[in-house]
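The values are calculated or read from the model by the stated rules, or taken from the named source; none is laboratory data. Not measured: the values here are computed from a predicted model. Note that each Cβ is placed from the backbone with ideal geometry, even for glycine, and that neighbours are counted across all protein chains shown. Surface accessibility is based on the protein's heavy atoms, side chains included, excluding ligands, DNA and RNA. Shrake-Rupley method; radii C 1.70, N 1.55, O 1.52, S 1.80 Å.
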Amino acid sequence: MSGAGANTAALGLSVRDVAINYGRRRIVDGLSLPDLRPGELTVLAGPNAAGKSTLLRAVAQLTPYRGAITLDGRDLAQLPGRERAQLVGFMPQTLPAGSSLIVLQSILAALRATGETPAAQADAAAMAVLERLGIAELALRPLNQLSGGQRQMVSLAQAIVRDPRLLLLDEPTSALDLARQVRLLAELRRLAAEGRVVVAVLHDLALAAQWADRIVVLHGGSVHSHGPPAEVLTPAMLAQVYRVEARVERCSRDRLVVLIDHEMA
Amino acid sequence: MTTALLEHYHRQNRRRAMLVGVMAVIAALGVVLDLVTGPAGLPLGETLRALTGAGEVSRTTEVIVWTVRLPVAVVALLVGAALALAGAEMQTVLENPLAEPFTLGVSSAAALGAATAIILGLSLPFLPTRWAISGNAFLFALGALLLLQALGRARGGDPEVLILFGIALNFAAGAFLSLLQFIASADALQQLVFWTMGSLAAASWPGAAALALVLAVTAPFSFRAAWRLTALRMGEEQARAFGVDVRALRRWSLLRVSLLSASAVAMVGVIGFVGLAGPHIARLLVGEDHRFFLPASLLTGALVMSLASTLSKTIVAGVLLPVGLVTSLIGLPIFFALIMRGRPGR
């Protein structure tokens, strides 16, 4: 599935020296990420205004930036929109609540807005994605009658219906109940295991500890630390980045838990 | 379950397509109704005979049908179709259900254009005098929307910015219009007021042909953009993530809107409401899948205008009311009824 001419060293997502301004304010400055390989679920963590969403939107080519962002060695900024949409799936924080489109139409729009997918094939693909996410029963419901959590699942369906190589998700669990959070993260792991690069912004460090292969902590527009959850989630990091006093402990089944004691003075 | 759901979805789509077909038939009937009403009181059979050329009809009947009623009916149909299609596209690309060409300054710009012809006597150099008012109205309306786009692009093309510029433009044109009205003679003022009320009285075959041409050129591009426009209902960012070049979509769509609404307003003056209500009624009937929504809007607009044209001849016997007044009078009750009864997501 990788682009022609891409060598193995360049497989995956590479983010080098990225700078992003918002108006005249610099949000992200000279940021480089470790190479993110297919098969991995990476969580972008960090406090509010650390630049997580901004970086994610830059990778999705939804906001202008300077620097190099490549997928399998191909510069994403150089790809025409249509081709990029085949490679990159993006799930935003929220889906507009006002549309009376029915769920299936919205997934079909995601698929047919630029591609030449034949109608029958598109219908089947859209239903398959809803089935996969366990929301087939929502297919004929209008978007404006769904709950926030249901809309979030539909949004994920829109992001993966093109079978993208790179999947970017901005706080995908923010509106989900506990069972759906687990379902979504398990699904993200499966999507990664199928050979995709999956990057999600998550606020919930417990979820990140449980599900991520790797956590990248952003702080003030640059990378503070990165690595497997057990290496990254430390009291020192939580103190420096989040300004909280916290304990990171192992509980039963060797699971990491992050216990926040109080805000630092 | 998947197959059952898909079958249900396809049944819904067939129903939507059928609804669009039925609307086309009703719109055609609306034109016939428009044709057979008028102060001359021609019987239905005679009107149809004159139309089809089957059988003998008097010369007078032939003239009334072919040079008075038919151009009026056809122009009404086309104006309604053009305004509603323009409104539908505009609501989608500006992501605002209140957007329509006339709320964004097209009508006041067109009125200002008409005023320059009526009051100042200015017109395009090589245009025949009888087209001076239409020509100016068209130029000003088109100019207003193109200016709007240029201003919007300078500020990044945000829909909200476009709407604000549109409102500003509306007031600016209105102010200049007041200035012209202030210096106008009584005769010129009356002519201008009638023009702004919207009238089909000046409908002609060349006008109908021009409108038909604009529709024929723009509508296919609108329909071709249906999936992209549907995707835009998910928000600009999502549409871009789906690979849609939203800026280009918006630019071309607003160009189509400009052409459609400028030609409509140039032909018949200010006809409010159709561009706003047509799309709303269509949305309630067939939903937001633009493959159905765009043609349904076009047909709703056509039907509303045909009915308005018919009523403008019949409400007060022997008086041809300005059709712009009538669209509001008949459109509003239908509109209210649909909002009150409307179930989202149909």
*Lys/Arg +1, Asp/Glu -1 at C-beta; the stretch B:3-341 dipole; positive extreme among B:Leu151, B:Ser312, B:Leu215*: B:Leu215
*Charges only on Cβ, +1 for Lys and Arg, -1 for Asp and Glu: so what's the dipole of chain A about the Cα centre, in debye to the nearest 20?*
380
*Taking 0.36 nm per residue of separation and subtracting the Cα-Cα distance, what length does fully extending B:Met18 through B:Thr60 add?*
11.2 nm
*Provide the packing ranking of B:220-229, B:272-281, i.e. peptides ordered by the mean count of other C-beta atoms within 10 Å per residue, highest first.*
B:272-281, B:220-229
_Among DSSP bridges having both ends in the protein assembly as shown, what percentage is antiparallel? Round to the nearest 5._
60
*Cleavage-rule hits, trypsin sites (Lys or Arg not before Pro), the stretch A:13-107, DSSP coil, Cβ neighbours within 10 Å at most 12*: A:Arg24
*Unit charges at the beta carbon, dipole of the protein assembly as shown: most positive-side option, A:Val232, B:Val32, A:Leu62*: B:Val32
_³J(HN,Hα), Karplus 6.51/-1.76/1.60, whole Hz, each residue of the stretch B:12-24, x for Gly, Pro_ = 4, 5, 4, 5, 5, 4, 5, 4, 4, x, 4, 5, 4
*Looking at A:Pro34, A:Val18, A:Val217, which one has the Cα that reaches farthest to the positive end of the dipole of the stretch A:13-233 (charges on Cβ: Lys, Arg +1; Asp, Glu -1)?*
A:Val18
*Based on Cβ point charges of +1 for Lys and Arg and -1 for Asp and Glu, what charge dipole magnitude is obtained for the stretch B:3-341 about its Cα centre, in debye rounded to the nearest 20?*
520
*When ligands, DNA and RNA are left out and all protein chains stay put, how many square angstrom of accessible area per residue does the stretch A:208-261 have with a 1.4 Å probe?*
52
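Among residues other than B:Gly152 whose Cβ falls under 11 Å from its Cβ, what is the net charge (Lys/Arg +1, Asp/Glu -1)?
+3
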*Crossing angle, helix A:103-112 versus chain A [Cα axis fit, 0-90 degrees, rounded to tens]*: 90
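Ranked from the most accessible area to the least, with a 1.4 Å probe and all protein chains present, what is the order of B:Asp187, A:Asp163?
Order by accessible area, largest first: B:Asp187, A:Asp163.
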*Is it possible to state the helix-based mean residue ellipticity at 222 nm for chain B, with each DSSP H run of 4+ residues giving -39500 (n - 2.57), the sum divided by total residues, to the nearest 500 deg cm²/dmol? What is it?*
-25000 deg cm²/dmol
*For the stretch B:39-88 and the stretch B:250-312, compute the distance between their C-alpha centroids and round to whole Å.*
21
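Which whole-number value in Å² is the accessible area per residue of the stretch B:1-147, probe 1.4 Å?
44
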*From the phi of every residue in the stretch B:181-187, what ³J(HN,Hα) in whole Hz does the Karplus formula 6.51 cos²θ - 1.76 cosθ + 1.60 yield, where θ is phi - 60° and glycine or proline is x?*
4, 4, 9, 7, 6, 4, 4
*At 1.4 Å probe size, with no ligands or nucleic acids counted, give the accessible surface of B:Trp205 in Å², nearest ten.*
100
_In order through the stretch B:39-54: 3J(HN,Hα) via Karplus (6.51 cos²θ - 1.76 cosθ + 1.60), integer Hz, x for Gly, Pro_ = x, 6, x, 6, x, 4, x, 5, 4, 5, 5, 4, 6, 7, x, 8
*Note down the accessible area of B:Phe171, probe 1.4 Å, to the nearest 10 Å².*
150
*asked:* Using a loss threshold of 40 Å², tell me which positions in the stretch B:216-256 are less accessible in the complex than in their chain alone. Probe radius 1.4 Å, ligands and nucleic acids ignored.
replied: B:Trp227, B:Arg233, B:Met234, B:Glu237, B:Gln238, B:Arg240, B:Ala241, B:Phe242, B:Gly243
_Accessible area buried between chains A and B, both sides summed, probe 1.4 Å, in Å² to nearest 100_ = 2900
*Nearest 10 degrees, 0 to 90: helix A:178-193 Cα axis against chain A principal axis*: 80
*On a 0 to 90 degree scale, rounded to 10, what angle separates helix A:148-160 from the longest Cα axis of chain A?*
70
*According to a simple spin-label model (label point 7 Å from Cα along Cα-to-Cβ), what is the distance in nm between B:Ile167 and A:Asp177?*
4.1
*With r defined as the distance between the Cβ atoms of B:Ala337 and A:Gln210 and R0 fixed at 51 Å, what FRET efficiency is calculated, to the nearest 0.05?*
0.40
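In the stretch A:49-153, which GluC sites (Glu not before Pro) fall in coil by DSSP and have 16 or fewer other Cβ atoms within 10 Å? Write down the numbers at each step before the final one.
Values: sites: A:Glu83, A:Glu116, A:Glu131, A:Glu137; in loops: A:Glu116.
Loop-located and lightly packed - A:Glu116.
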*With all protein chains present, calculate the accessible area of B:Val63 using a 1.4 Å probe and round the result to the nearest 10 Å².*
60
_Can you give the FRET efficiency to the nearest 0.05 for B:Ala175 and B:Arg11, using r as the Cβ-Cβ distance and R₀ = 45 Å?_
0.25
_Can you compute the radius of gyration and Dmax for chain A, using only the Cα atoms, both in Å?_
18.7, 61
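What average count of beta carbons from other chains do you get within 10 Å of the Cβ of residues in B:279-291? Each step should come with its number before you reach the end.
On the way: counts 0, 0, 0, 0, 1, 1, 0, 0, 6, 9, 7, 3, 2.
Counting other chains' Cβ atoms within 10 Å and averaging over B:279-291 gives 2.
Let me confirm one metric for peptide A:111-118, namely the mean number of other chain beta-carbon atoms within 10 Å of its residues' beta-carbons.
Values: counts 3, 7, 17, 8, 3, 0, 0, 0.
Mean inter-chain Cβ contacts per residue within 10 Å come to 5.
Based only on the alpha carbon positions, what is the Kirkwood hydrodynamic radius of the protein assembly as shown, in angstrom?
Numbers: mean 1/r = 0.0369 Å⁻¹.
Every distinct Cα pair counted, the radius reaches 27.1 Å.
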*Per the 1.4 Å probe, what fraction of the accessible area of chain B, in percent, lies on carbon and sulfur atoms?*
70
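Using a 1.4 angstrom probe on the protein heavy atoms only, could you order A:Met127, B:Met197 from most to least accessible area? Numbers along the way, then the final one.
Values: A:Met127 0, B:Met197 65 Å².
The ranking, largest first, comes out as B:Met197, A:Met127.
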*Search the structure for amide H atoms under 5 Å from the amide H of A:Leu167, placed 1.01 Å from N in the peptide plane, and list their residues when 5 or more places away or on another chain.*
A:Gly89, A:Val197, A:Val198, A:Val199
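From other protein chains only, count the Cβ atoms within 10 Å of every residue's Cβ in A:96-104, then give the mean.
Taking the mean over all residues of the peptide, I get 6.
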_Helical contribution to [θ] at 222 nm, DSSP H n ≥ 4, -39,500 (n - 2.57), averaged over chain A, rounded to 500_ = -9500 deg cm²/dmol
